[in-house]
Amino acid sequence: MNIKKLVKKEVAGLRAYNAKEVPCRIKLDANESPYGISGALKAAGRISTNRYPDPEANEFKKLLSRQLGIKPANILQGNGSDELIYYLITAFGGPVLFPVPTFSMYGIIAQALGENKVPVGLDENFDLNTADMLAAIKKHRPKLIFLSSPNNPTGNCFSAERILAVVEASKGIVVIDEAYQPFSSERGFLPLLKDYKNVVILRTLSKIGLAAIRLGYMIGHPEIVEEVNKVRLPFNVNSLSQAVAVAALGDTKKLRGFIKGVVAERDRMLGKMSSLAGVTVFQSEANFILFKVEDPAGVYASLLKAGILVRDLDDVVKGCLRVTIGTRAENAAFFSALKKILSK
Ligand code: PMP
């Protein structure tokens, strides 16, 4: 039997998301937090293993609605924000427009679901190219637009007025993916929701110390939440994750402290890396730094040899690698290894 002939053509043409484990001493490739919230695991001990999870994740939504000043009806939970991207495209369909380079899952999921993709290049500062975006919106009339701000992998925020121009021009839904918003000096786009029914905000706990529990959420108009909820699998967020999330999010002081620590380390690393000869560093509002070197494959391999795993993005942004901000000691080890490699 020829499985390649049996599978849908959109799926045959895909490559699986590259998330394989590479053994290393210092893991700085996946934009995780260096700080876990292990105290929150105690809450998992109180769940009943024989019962299905709360299908509505009520406690989680109640806590978020208190913290964010919105209603539970504005929130939908996902098994990571990846799953919500899947559900949004399942519910609304394409064309799906996104700037490039950006988070790869928008394109991968659109393709897997057989929807048309409309990639639009960013400008030379990695900001939205307003004229190109508006022209593409007019031409393709996308049902969905995904804007990651701060953007992965470039690290910058898109200008607010350009995002607003896209929101105003779009007859479809504009998803502002704020996975990295906690690390940004900007306030985020939640306030847009009261004026624009077509805006959805996407957030995740993965970057703030809880990647293991796979929990993301979208915030939007109740009518959008209602439609997306129709395609959600009934028990998509398990009881362990719900309990751990509620316990972890309750300790806002600890979470804020960890985020502040990452931001301080990022700014210190931006300064240090900028002073290195042979490296071009891009400013970052996220928990990672994109940087350009002459020989990205060689630098990647040499770093790995030194036990440090970063992300090779040469095929996405020419010559670039991406390093996640770790602990002070991890960052110091990365920096001294990089310095040594470049001086050879
Ligand atoms: N959006 C962006 C921009 C991301 O970089 C990521 C993680 N790499 C996600 C969404 C997905 O996060 P998760 O599924 O872990 O919530």
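The values are calculated or read from the model by the stated rules, or taken from the named source; none is laboratory data. Note that the structure is a prediction, hence the values are computed from the model and not measured. So basically every Cβ, Gly included, is an ideal-geometry build from the backbone, and we count neighbours across all protein chains shown. Surface areas here come from the heavy atoms of the whole protein model, side chains and all, with no ligands, DNA or RNA. Shrake-Rupley method; radii C 1.70, N 1.55, O 1.52, S 1.80 Å.
Within the range 151-195, what residues put their amide N at less than 19 Å from the label point 7 Å along the Cα-to-Cβ vector of residue 71? The answer is 190-195. Rounded to the nearest 0.05, the FRET efficiency derived from the C-beta distance between residue 90 and residue 342 at R0 = 45 Å is 0.50. Placing +1 on the Cβ of every Lys and Arg and -1 on the Cβ of every Asp and Glu, with nothing else charged, gives the range 53-250 a dipole about its Cα centre of roughly 320 debye. Accessible area per residue for the range 44-145, computed on protein heavy atoms with a 1.4 Å probe, is 48 Å². Taking the Cα centre of the chain as the origin and placing charges on Cβ (Lys, Arg +1; Asp, Glu -1), which of 104, 44, 255 is farthest toward the positive end of the dipole? So the residue furthest toward the plus end is 44. Accessible-area rank, largest first, for 320, 24: 24, 320, with all protein chains present and a 1.4 angstrom probe. Stretching residue 1 away from residue 315 to a fully extended chain increases their span by 109.6 nm, per 0.36 nm per residue minus the current alpha-carbon distance.
Going by accessible surface with a 1.4 Å probe and the largest first, 239, 48, 275 read 275, 48, 239. Pairs over the 26 Å Cα-Cα cut-off, from the set 197/260; 207/272; 27/339: 197/260. Length, then width, then depth: along the principal axes, the Cα atoms of the range 53-250 run 45, 35, 30 Å.
Its Kirkwood hydrodynamic radius, worked out from the mean inverse distance over all distinct Cα pairs, puts the range 117-219 at 14.2 Å. Once the Cβ-Cβ distance between residue 297 and residue 50 is put in as r, and R0 is 35 Å, what FRET efficiency do you end up with, to the nearest 0.05? Once the sixth-power term is evaluated, E becomes 0.10. Between their Cα atoms, which of 61/143; 194/292; 8/305 are more than 32 Å away from each other? From 61/143; 194/292; 8/305, over 32 Å: 194/292; 8/305. If R0 equals 45 Å, the separation of the Cβ atoms of residue 226 and residue 24 corresponds to a calculated FRET efficiency of about 0.55.
If you bin all the Cα-Cα distances of the chain at 20 Å, starting from zero, the percentages per bin are 29, 58, 12. Residue 266 sits with roughly 10 Å² accessible to a 1.4 Å probe, with DNA, RNA and ligands left out of the calculation.
Using a probe of 1.4 Å on the protein chains alone, the accessible area found for residue 26 is around 10 Å². With K and R counted +1 and D and E -1, the other residues having a Cβ less than 14 Å from that of residue 91 yield a net charge of -2. With each label modelled as a point 7 angstrom along the Cα→C-beta vector, the residue 58-residue 10 pair spans 3.6 nm.
Using Cβ point charges alone (K and R +1, D and E -1), the dipole size of the chain about the Cα centre works out to roughly 700 debye.
Overall, the accessible surface of the range 53-250 at a probe of 1.4 angstrom is composed of carbon and sulfur to the extent of 53 percent. Rounded to whole Å, give me the distance from the Cα center of the range 276-312 to that of the range 163-180. So the separation of the two Cα centres works out to 30 Å.
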